[in-house]
Each structure stands twice: as C-alpha cells, then as structure tokens.
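Following: one structure in structure tokens, then a few remarks.
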Amino acid sequence: MTTNTNQNTAADARVAIVTGGSRGIGRAVAQKLAEDGLAVVVNYARGAAAADETVAAITEAGGRAVAVQADVAEEKEVAALFDRAEADFGGVDVVVNAAGRMTLSPIADLDLAALDAMHRTNIRGTFVVAQQAARRLRPGGSFIGFSTSVVGAQFPTYGAYAASKGAVEAMTMILARELRGRDITVNTVAPGPTATDLFLDGKTPEQIDRLAKTPPLERLGTPEDIAAVVAFLGSPAGHWVNGQVLRANGGLV
Ligand SMILES: NC(=O)c1ccc[n+]([C@@H]2O[C@H](COP(=O)([O-])OP(=O)(O)OC[C@H]3O[C@@H](n4cnc5c(N)ncnc54)[C@H](OP(=O)(O)O)[C@@H]3O)[C@@H](O)[C@H]2O)c1
C-alpha cells in the first residue's frame, strides 16, 4: 500500500474513489475530480509507481489524494479501500470504477483462462466495487461504472470483452433502482477508442488510424474527454442523470 496524503485538508470536501486511477482514463478522472475540489483515493492493482505519479500530479496542483492498492475483484481489499477513504477523508461521495482489462481474440480461438481473468476484473470487479458503493456512498453521491462502445459497434475479436461490459451495462439501471430513496445516482460511461495503453497496445499504426477515423469527429478520444463526462455525472450538475449508459465516443455508434 502506498501513502502520499497531502496534509492540506478541507473537512467539508467531497471525496472520490477512482479504481484504476493510476493510468489512462482513471488517472485523468482522478486529476479532473481533484481539480474540481474533491479529495481522491487513487486505486491501482500492480503499478504503485504510476499511482504515486497520479497522486504527485494532484498534490502538486494543490489537491488532496492518496494511493491505495486493491484488486477490484477482491472483496476484503475493496472494503479496505473504502475504509481508507473514510479514515483519511471522512466518507465517500463519488465512486468511479475505471479498473478494467481487455483481451482481444476471435471467439473461436479465445483462451478460456484469459476469459476468466478478464471477466474477473471487469464483471466481478464491478460487482464488488458496486457492492461497497451501495453500502457506503453518502446521500448526494454517485457510482460511475465503465462499459465500452464496442457493445454497440460489435467489432470482430471484441466478443469476450464486450460480453464483460454488457454485464456492467445490465447492472446499471438495476442498481439505480435498488438505491431508490438514498439520493444516489448510478450511471455507466461507455467510451469509444481512447488513447491509452489498453487501446494502443498490440495495434498497428494502420489499425489505430482506421479506428481513429471511424467516428464523425475523426479522432481518438483522449482520457480528458472521458474524464469531463465522468466529472459531470459525479457532480451536483449531473445528478438528474440516473440509470443511464452514456456512450462518449465522438459519434461512433
Ligand atoms: N481506452 C479505451 O479505448 C477504452 C474504451 C472503452 C472502454 N474503456 C474502459 O475504460 C476503463 C479504463 O481503461 P483505460 O484505457 O484507462 O485502461 P488502462 O490504461 O489499461 O488502465 C487500466 C487501469 O486499471 C487498473 N487495473 C487493472 N486491473 C485491475 C484490478 N484487478 N484492480 C484494480 N485496478 C486494476 C490498472 O492498474 P495497474 O496498472 O496497477 O494494474 C490501471 O490503472 C476500463 O474499464 C476500460 O475497459 C477503455
């Protein structure tokens, strides 16, 4: 567990947990929420150094953050993650489950161990984080999960990954309804191709260029594009949006 708590505290600030906050979209979300004045718990699985960099970027900009290791699929580790948010910052108001994995393969060829590992993080991980969020979010709070626009675009080789994210979409309105009366929103953001390791790794420049040109806006998304959407959904301004899957993809599908 890595700790870099900035002591410049503000007792009444809202508090966010961002899983997968060490890199990619999660990092941009953590930085944007900190910029908006929230104290942020930056979760990671293996990359302590990357998580420390996210925390350093936030604290250097005057925000408050702490890095906490936890595998999102491990119930005790996720409970401890929420414990840290409550102990260090006083509660939890926004939970963003950005942690995710992607393995691409034609369905006919997919290694089932890879399927299980991906589904463990993407489905069980979402479930475990959502359970803790449902138990612990304060009134006025928000849970934001992550799907993918490939659930709609249905590109070959994305079968197992899209299936895992279809499960996240299926949970969204159900959890929103289960939280009736708590003043807590539940939404899922489904990005299109976004320039992070998860998207770029293993693709040729030609494949990247072709996918970048697919949406009408003719470019890849940036982590900051997605962070702006997440920050809106987690803010009081976005609180009337509930139970929705929001495709943020430049108009892909
Ligand atoms: N990039 C895209 O084009 C795109 C498009 C649609 C949807 N998405 C979704 O957006 C989310 C963020 O993706 P990204 O592109 O930012 O990915 P990324 O750059 O690969 O970053 C993934 C993050 O998730 C963390 N992580 C992975 N497994 C974890 C686990 N079991 N427990 C806790 N943390 C874990 C990683 O931490 P460590 O490094 O410590 O392992 C890292 O911080 C994912 O859910 C992804 O499926 C991405």
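Values quoted throughout were computed directly from the atomic coordinates according to the rules given, and no laboratory measurement underlies them. Predicted, not measured: the structure shown is a model, and the values here were computed from it. Reconstructed Cβ throughout: ideal geometry from the backbone, glycine too, with neighbour counts over all protein chains shown.
Straight-line cross-link reach from Lys213 at under 23 Å between alpha-carbon atoms covers these lysines, not counting any fewer than eight positions away in the same chain: Lys203. Of all lysines in the structure, those lying under 25 Å Cα to Cα from Lys76, and not within fewer than 8 positions of it along the same chain, are Lys165.
Taking every C-alpha pair closer than 8 Å and separated by at least 6 residues, the mean separation divided by the residue count of the range 1-120 gives a relative contact order of 30 percent. Stretched out straight at 0.36 nm per residue, the stretch from Asp12 to Glu53 would grow longer than its current Cα-Cα span by 12.2 nm.
Report summary: the helix-based calculation at 222 nm, which adds -39500 (n - 2.57) for every DSSP H run with n ≥ 4 and divides by the residues of the chain, gives -13000 deg cm²/dmol.
Using a/c under 1.5 as the rounded threshold, could you call the range 101-142 rounded, prolate or oblate? The axes a ≥ b ≥ c are square roots of the C-alpha gyration tensor eigenvalues, and prolate needs a/b larger than b/c, oblate otherwise. Since a/c reaches 1.5 and a/b is larger than b/c, the shape of the range 101-142 is classed as prolate.
List the chymotrypsin sites (Phe, Trp or Tyr not before Pro) within the range 156-253 that DSSP assigns to loop and that have no more than 12 neighbouring Cβ atoms inside 10 Å.
Sites meeting the loop and neighbour criteria: Trp240.
Once both labels are positioned 7 Å from their Cα atoms along Cα-to-Cβ, the gap between Asp111 and Glu60 label points is 3.7 nm.
Among Gly63, Gly37, Gly192, the largest mean-square fluctuation in a Gaussian network model of the chain, built with springs joining Cα atoms closer than 10 Å, belongs to Gly37. Dividing the C-alpha radius of gyration of the range 110-240 by 2.2 N^0.38 Å, with N its residue count, gives 1.15. Maximal additional length on extending the Trp240-Glu178 stretch stands at 20.7 nm, based on 0.36 nm per residue less the C-alpha distance. Among Ala79, Ala153, Ala39, the largest mean-square fluctuation in a Gaussian network model of the chain (Cα springs under 10 Å) belongs to Ala153. In the range 143-253, taking the dipole from charged Cβ atoms about the Cα centre, the farthest positive-side position among Thr148, Ala160, Ala176 is held by Ala176.
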